[in-house]
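Quick notes on the structure that follows.
The values are calculated or read from the model by the stated rules, or taken from the named source; none is laboratory data. These numbers come from a predicted model, not from an experiment. Don't worry about glycine lacking a Cβ; one is built from the backbone with ideal geometry, like all the others, and counts go over all protein chains shown. Quick note on the areas: whole protein, heavy atoms, side chains included, nothing else; ligands and nucleic acids left out. Shrake-Rupley method; radii C 1.70, N 1.55, O 1.52, S 1.80 Å.
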Amino acid sequence: MINPNIPHQDITYSIIGCAMRVHRRTQKGLREKHYQRAFDAEMIEASLTTEMEYPRQIYDGEVWMGILYLDRVHLTLANMSQKG
């Protein structure tokens, strides 16, 4: 059940669904890159656009702290957060 008061709930639900399908389908003990590739394929199948190793500038107020590379990011959400 989607609650319209929660932002991005539909996209979040789809992303979690992709992760759960990969979890059920793959065997235990694989390297992370294998799970990442399976997840990318599942995201493409679900028509979700992602980017691997998405760089984000990290600040503490006005002080630049460095760059954090996120494992996965849904590009629609990333674009929304940068605009807001």
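What residue, among those in the range 1-53 that are β-branched (Val, Ile, Thr) and not in a helix (DSSP H, G or I), is surrounded by the most Cβ atoms within 10 Å (Cβ to Cβ)?
The selected residue is Thr50.
Which of the residues belonging to the range 54-84 are at pLDDT 90 or above, open to solvent by 80 Å² or more (accessible area, probe 1.4 Å) and not aliphatic (A, V, I, L, M)?
Residues satisfying the conditions are Gln57, Tyr59, Asp60, Glu62, Trp64.
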